[in-house]
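A short write-up of the structure that comes next.
The values are calculated or read from the model by the stated rules, or taken from the named source; none is laboratory data. Since we're looking at a predicted model, the values are computed, not measured. Glycine gets a Cβ as well: all are built from the backbone with ideal geometry, and neighbour counts include every protein chain shown. Calculation scope for accessible area: heavy atoms of the full protein, side chains included, ligands and nucleic acids excluded. Shrake-Rupley method; radii C 1.70, N 1.55, O 1.52, S 1.80 Å.
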Amino acid sequence: MERKNKNIILFPRVKERLVEEGMEALQAKRYDEALHFFHEAEQLGENSFHVALSIAVCHCELGDFLEAERRLRMLLQEHRDDIELLQMYVSILMQMQRYEQAEMVIRDALHRRHLSPSMREQLLRLLHFNQKMSKTALPLAEQDSIQQLFESDDITEHMKVIKQLENEDIAPVLSILKQYLMNESKNPITKTMILRLLTLKNVTDVVTIEKFGERMEVIPANLNEQAQTAFALHVLWQLENTLASENPSLYEVAVDIWLRYTYILYPFSPKPATCEDWIAALHFIACQFQGIPAALEKISRMYHVHAENMDFLCKKLYEVEKFSYF
């Protein structure tokens, strides 16, 4: 059989549509999705400056500073006079605590004769800030030890490090903490501890936190834990009204389960359900923990909720509960 030569024929404007989709996802801060579209366009031969820069931005926002630095460095080789590109590259170097390299890049730019007075002033401010940050940096060995520790799976050791950082300047390791919060493989309990640490240190940077497949951007200094947990407190109050007098020991178990759940979930709110759905689920799970025979349908009727909703919430509670026993 004669084999026909198969040529790949692209539909019109494929690259353009991929770039448009990527830009739309980037503006919506869906960085994983944007990166996928840009990479697809890149593989089809799209090599424009704004796409290359957008890919670097996505890597930066996703915490992949090494790849962001590599791509920005390549762009700077072709666009040496782009001051905004230079500032972005230097900021990445500073995020990685590579202050000496950042200073070399800035000083090299300052030696260029054609710089306008405003550009020279911007670079001098950047140089001053870089020098200030380098003075507050932890010794390289200490930075490396924290990085290596967070790359391990020893949750107890992670907790010790986070506790120690309460009495230290966290600016030199802030980028490491940010990467930790975004890493889907890290324990949600230690992520809650880190977020509380950043709030304690009044960090005003936007940080991204990932838990159970969801992502949220927050400014730790602006977090109001009381407001964030208002619904959780309402459930506690209702639990007290329904279970405390009837069965105090069961009430205590239900409260413990709920407090662990909301702590591990923070800053995300328990959803989607009504207060009654959660109380019914907590009642049932508390019975299971206490070894008390209980029928899911019977408890659902007690609280006038759907058994299917209750069962769904029980599964969510069990999913989070396993992290309490690391």
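For the reader, a short list of remarks on this structure follows.
- Per-residue SASA remark: Glu168, around 60 Å² accessible (1.4 Å probe; ligands, DNA and RNA not included).
- Placing dummy labels 7 Å off each Cα toward the beta-carbon, the span from Ala221 to Asp205 is 1.3 nm.
- Contact order relative to length of the range 18-64, as percent, for alpha carbon pairs under 8 angstrom and 6 or more apart: 40
- Estimated translational D of the range 173-281 in µm²/s (Stokes, Kirkwood radius over Cα pairs; 10 °C; 1.306 mPa s): 106
- Helix 275-290 axis, angle to the chain major axis (alpha carbon atoms, nearest 10°): 70
- Computed from label points 7 Å out along Cα-Cβ, the spacing between Ser48 and Asp32 is 2.7 nm.
- Adding -39500 (n - 2.57) for every DSSP H run of four residues or longer, then dividing by how many residues the chain holds, sets the calculated 222 nm ellipticity at -20500 deg cm²/dmol.
- Order of exposure, largest accessible area first, which applies to Arg30, Arg125 with probe 1.4 Å: Arg125, Arg30
- Relative to the longest principal axis of the Cα atoms of the chain, helix 83-95 runs at roughly 50 degrees.
- Between 0 and 90 degrees, the angle of helix 49-61 with respect to the longest Cα principal axis of the chain falls at about 40 degrees.
- Ranking Met104, Met193, Met302, Met310 by solvent-accessible area of protein heavy atoms (1.4 Å probe, all protein chains present), from largest to smallest, gives Met104, Met302, Met193, Met310.
- In Å², nearest 10: area of His39 left accessible to a 1.4 Å probe: 60
- With all protein chains kept in place, the per residue accessible area of the chain amounts to 57 square angstrom at a probe of 1.4 angstrom.
- With all protein chains in place and ligands, DNA and RNA left out, the 1.4 Å accessible area ranks Lys316, Lys322 as Lys322, Lys316, largest first.
- Taking GluC sites (Glu not before Pro) across the range 211-305, the ones in a DSSP loop with at most 14 further Cβ atoms lying within 10 angstrom of their Cβ are Glu246.
- For the chain: Kirkwood Rh in Å [reciprocal of mean 1/r, alpha carbons]: 23.6
- Rounded percent of accessible protein surface that carbon and sulfur make up, the chain, 1.4 Å probe: 52
- Only protein heavy atoms count here; on that basis, with a 1.4 Å probe, Ile257 has an accessible area of about 0 Å².
- Between Glu308 and Arg80, the modelled label-to-label distance comes to 6.7 nm, taking each label 7 Å out from Cα in the direction of the beta carbon.
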